[in-house]
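Here the structure comes first, spelled out in structure tokens, and everything after it is commentary.
The values are calculated or read from the model by the stated rules, or taken from the named source; none is laboratory data. Just so we're clear, the structure is a prediction, and the values are computed from it rather than from any experiment. Neighbour counts run over all protein chains shown; Cβ positions are idealised from the backbone, glycine included.
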């Protein structure tokens, strides 16, 4: 047994009933207050478990290795340590032993399947009998100044506060003294509630805080874009979803309207009715009544979504709440709050101190296939090889004028939209062809229970990115009750790469296959080179045929976005500094109310939302309704903690606030 041996601790939180099952490296400190527990023992990083219970001492017990045996040592706790019902001060532990620390009953299991993640310095759990998720070694970063995808940026590095002028060296401490922040001479502002990201997740949290009764001057949102949907809108436009096109969302999933009434379908129907468009009015109403059995699912137009968010942003005072800034680091303070170091421009640094913090940083990067990254680095060619989320309109402009061949990688919703955009370009020039390269055939869809997703031409169809029961049905309840490892397996069964079940798009692929301008190929890419005519040549290993080459004028990568913690310097710094746990999907470990429990600081609380929490208690975390659900749970947590100004949204308050929303009055 070595010093990097890992064990699993399993217990139910006595207050919330939530199941916790972290896999941890030794040594492990258990207690009520992180500040009292050591960060290092004999040069080794300590894994720390915080138990929110009055019967638990600030530093209660330590699990470590002694003479190649796992032992637990009482750290002079007030209420003692019990192993299998017997009080102990220093004893050997065996797999299956039960510890009693305060009101917590913790089962110890020697977990050989847990492995250290050297990239992030945290623990990643390897699930037995399941294939590892694909690892992408290259990404496209968002420029920290423009917030646009920038393929010229190198991979991100974790923040090193001591290696730069900002954040200052005081940020190396676990608890930053507020007095020392003022001593830096930099601006220090305070607020009760701070949202980091200022995107859709932050906007919805701020909206719910305002509806819950929190005053305007108590809330701030920190980010790079004034409009909360700015990055989302840019990614939509880049991936060829113009404002008049429909998003992959539900009728009543309204970021501007937590009640979902009137829904997007009703609003669009009313708009068309008042403009004399009777047929389309009844079409929308029929869609929401008969979907998805008799007609395809209703989805809202992008422009309608953004316009409605603008209306609500103005109503809640978003312009007064938003602050421009790039967040550099987050730390706990010595008075039970959080300090945020941020930059307002080159050389212009400042701090915010708040009691309640909300993280909704979205996707920190765009996945980019390693072989395509290698091509770009070798040839410095950013025109022929592009990502679907980059601005690549030059591809379609060239095709419409000169024709050509496009090699498409990936087969999800973005890939289907690229196919549709090229189909539209063919109306200008018929000399355009698509070669759609997939790793392997998809003969049948994912199964769960008695259900199975349909597949056609190796595309797996589903109206939304998750089964609808994940939002508010039995699958949501199942996921909340599951352990982290069970959640990993459930999400693998429910998720996957899918595209919308739209008849118009299916007609395009059918037509393309029949006419020959759209062709599907299978194979594993070995490398991508440039030929003598400056075209791309992709070398693939094809089953039964060996190595095959594909020539194309353009390659479009539509493999998706990256939300891993290590892709974000801010989150990576936070995780490393406080030794935070990651869930089995490599995202932040959150409670059922989306609190990052290990970051609790006295009365201070930190919550998270969006893609950075996937693998937790909710599947559709990056959807409109998923963001609303997480925020509703967060507000419940704040109300339970008696956070200042937060009132529970009961029936009376909900109805009165809905009337204010209808009449566009300030909350």
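Remarks
- Candidates 486, 460 - the one that is part of a strand (DSSP E or B) and within 25 Å of residue 615 (Cα to Cα): 460
- Listing of strands (runs of 3 or more DSSP E) fully contained in the range 303-421 that carry 1 or more residues being at pLDDT below 95 and farther than 24 Å from residue 216 by Cβ: 326-333, 338-345, 348-359, 365-368
Quick grid of which residues meet (1) outside any helix (DSSP H, G or I); (2) touching a strand residue (DSSP E or B) at 6+ places or on another chain (Cβ under 9 Å); (3) closer than 22 Å to residue 221 by Cα; (4) at pLDDT 95 or above:
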position: 580; (1), (2), (3), (4): yes, yes, no, no
position: 629; (1), (2), (3), (4): no, no, yes, yes
position: 635; (1), (2), (3), (4): no, no, yes, yes
position: 647; (1), (2), (3), (4): yes, no, yes, no
position: 654; (1), (2), (3), (4): no, no, no, yes
position: 660; (1), (2), (3), (4): no, no, no, yes
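- Lone qualifier among 217, 252 - being surrounded by fewer than 20 Cβ atoms within 10 Å (Cβ to Cβ), outside any loop (DSSP other than H, G, I, E, B) and out of contact with any strand residue (DSSP E or B) (no Cβ under 6 Å at 6 or more places or on another chain): 217
- In the range 288-311, the residues that are at negative phi and free of Cβ contacts under 8 Å to residues at least 24 places away in the same chain form Cβ pairs under 6 Å with partners that are surrounded by 13 or more Cβ atoms within 10 Å (Cβ to Cβ) and assigned to a helix (DSSP H, G or I), at six or more places apart or across chains, as follows: 295/287.
- When 508, 520 are screened for being closer than 18 Å to residue 420 by Cβ and part of a strand (DSSP E or B), only 520 passes.
- Check on residue 283, without any contact (Cβ under 8 Å) to a residue 40 or more places away in the chain, under 30 Å from residue 218 (Cβ atoms) and in a helix (DSSP H, G or I): no
- Residue tally, condition modelled with pLDDT of 75 or more and in a loop (DSSP other than H, G, I, E, B), over the range 1-38: 8
- Hits in the range 472-488 (condition: closer than 27 Å to residue 502 by Cβ and at pLDDT 90 or above): 474, 475, 476
- Qualifying residue in the range 605-616 (condition: assigned by TED's automatic domain parsing to the domain that holds residue 209, at pLDDT 95 or above and surrounded by fewer than 19 Cβ atoms within 10 Å (Cβ to Cβ)): no
- Some residue of the range 258-271 being more than 30 Å from residue 414 (Cβ to Cβ) and in contact with a strand residue (DSSP E or B) (Cβ under 8 Å, 6 or more places away or on another chain): no
- Test result for residue 566, modelled with pLDDT under 90 and more than 24 Å from residue 21 (Cβ to Cβ): no
- Given (1) more than 20 Å from the chain's Cα centre (by Cα); (2) surrounded by 17 or more Cβ atoms within 10 Å (Cβ to Cβ); (3) assigned to a helix (DSSP H, G or I), index of the condition residue 240 fails: (3)
- Of the set (1) touching a residue at least 40 places away in the same chain (Cβ under 8 Å); (2) surrounded by fewer than 16 Cβ atoms within 10 Å (Cβ to Cβ); (3) in a loop (DSSP other than H, G, I, E, B), all apply to residue 465 but (2).
- So residue 322, is it over 25 Å from residue 148 (Cα atoms) and within 27 Å of the chain's Cα centre (by Cα): no
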